[in-house]
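Reviewing the structure listed below.
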Amino acid sequence: AILVGVDRIFTVDEARTIRAELQPSIDVFLGQRADFAELRRSLERETPTALGGVAELKALEARLELFLSTLRDRGIQVKGIAPLLLDFPAMLDGPTVLLCWLEGEPDLRWYHPLELGIMGRRRL
């Protein structure tokens, strides 16, 4: 069954493999996210930073959005960026659920029903 807002259904193994393969790109994203926050704050306060100025901020913003778009294009749902929260639609013994990965977790170990969100997370 095709669900509204679900572009792809992952198996648990597929989602775990893809999430692990994404780790180097996630690490880059996290560094760029920190640079973006620092540079934005520096520009707001008009304090110089080695990170640059408005042009560098715009470039960082574009790189961050490109990464997030790449995730979405692969059928991965981005639910948050600070912390990074990714959901992978999957079928577990019947109903469609979201396999849920939160920044800092070593691998994909959680899921939740579509309608419950992160508060309804349960161990796989």
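Note down the net charge around LEU124, summing +1 for each Lys or Arg and -1 for each Asp or Glu among other residues with Cβ under 13 Å from its Cβ.
On the way: positive: ARG16, ARG19, ARG109, ARG121, ARG122, ARG123; negative: ASP13, ASP93, GLU105, ASP107.
Residues near LEU124 contribute +2 overall.
Take ASP7 and ARG40, extend 7 Å from each Cα along the Cα→Cβ direction, and tell me the distance between the two endpoints in nm.
For ASP7 paired with ARG40, the spin-label model returns 2.3 nm.
With a sphere of radius 13 Å drawn around the Cβ of GLN23, what net charge do the other residues whose Cβ falls strictly inside it have (Lys, Arg +1; Asp, Glu -1)? Write down the numbers at each step before the final one.
Numbers: positive: ARG16, ARG19; negative: GLU21, ASP27, GLU103, GLU105, ASP107.
Net local charge, GLN23 excluded: -3.
I'd like the FRET efficiency for ALA20 and ALA62, computed as 1/(1 + (r/R0)^6) with the beta carbon distance as r and R0 of 35 Å, rounded to 0.05.
Working: r = 26 Å, r/R0 = 0.75.
Efficiency computed from Cβ-Cβ geometry: 0.85.
Just to confirm a number: summing +1 for Lys and Arg and -1 for Asp and Glu over residues other than ILE81 whose beta-carbon lies under 15 angstrom from that of ILE81, what do you get? Show your work: numbers first, answer last.
Working: positive: ARG33, ARG40, ARG63, ARG72, LYS79; negative: ASP27, ASP35, GLU61, GLU65, ASP87, GLU103.
Every neighbour counted, the sum reads -1.
When the accessible area of region 1-70 is split by element with a 1.4 Å probe, what percent falls to carbon and sulfur? Please report the intermediate quantities before stating the final value.
Working: 2620 of 4610 Å².
The C+S portion of the solvent-accessible surface of region 1-70 is 57 percent.
In terms of modelled amide H atoms, which long-range or inter-chain residues lie less than 5 Å from the amide H of LEU92?
Excluding prolines and chain starts, which carry no amide H, the hits are VAL97.
What residues have an amide H closer than 5 Å to that of LEU114, excluding those fewer than 5 places away on the same chain, when H is modeled at 1.01 Å from N in the peptide plane?
Here LEU98 satisfy the definition.
Test of understanding: in a Gaussian network model of the chain with alpha carbons linked when under 10 Å, which of GLU21, GLU65, GLU46 would top the mean-square fluctuation ranking?
GLU46
For every helix of n ≥ 4 consecutive DSSP H residues, a contribution of -39,500 (n - 2.57) applies; sum these over the chain, divide by its total residues, and give [θ] at 222 nm rounded to the nearest 500 deg cm²/dmol. Each step should come with its number before you reach the end.
On the way: 2 runs with 54 residues, N = 124.
Computed mean residue ellipticity for the chain: -15500 deg cm²/dmol.
Take the Cα atoms of region 14-124, find their three principal axes, and give me the spread along each one in whole Å, biggest first.
Principal extents (largest minus smallest coordinate, Cα): 55, 25, 22 Å.
What distance in nm separates the simple spin-label points at LEU124 and MET91, each placed 7 Å from Cα in the Cβ direction?
In this crude label model, LEU124 to MET91 measures out at 1.7 nm.
With the dipole of region 11-106 worked out from charges on the C-beta (+1 for Lys and Arg, -1 for Asp and Glu) around the Cα centre, which of GLN23, PRO83, THR47 lies farthest toward the positive end?
Toward the positive end, the furthest listed residue is THR47.
How tilted is helix 12-45 with respect to the longest principal axis of the chain? Cα atoms for both, answer in degrees (0 to 90, nearest 10).
30
I want to verify a result. In a Gaussian network model of the chain, Cα cutoff 10 Å, which of these has the top mean-square fluctuation: THR11, THR49, THR96?
Comparing THR11, THR49, THR96 in the GNM, the peak value goes to THR49.
Taking 30 Å as R0, compute the FRET efficiency from the Cβ-Cβ separation of LEU30 and GLU115 and round it to 0.05. Walk me through the numbers before you get to the answer.
Working: r = 29 Å, r/R0 = 0.98.
Efficiency for this residue pair is about 0.55.
Accessible surface of PHE36 in the full protein assembly, 1.4 angstrom probe, to the nearest 10 Å²?
Probe radius 1.4 Å; accessible area of PHE36 about 40 Å².
Tell me the per residue accessible area of region 72-124 using a 1.4 Å probe; a whole number in Å² is fine. Kindly include the intermediate steps, with their values, before the conclusion.
Working: 2910 Å² over 53 residues.
Result: 55 Å² per residue.
The values are calculated or read from the model by the stated rules, or taken from the named source; none is laboratory data. Please read all numbers here as calculations on a predicted model, not as lab measurements. Ideal geometry is used to build each Cβ from the backbone, glycine not excepted, and the neighbour counts take in all protein chains shown. In case anyone asks, the SASA skips ligands and DNA or RNA and just uses the protein heavy atoms, side chains included. Shrake-Rupley method; radii C 1.70, N 1.55, O 1.52, S 1.80 Å.
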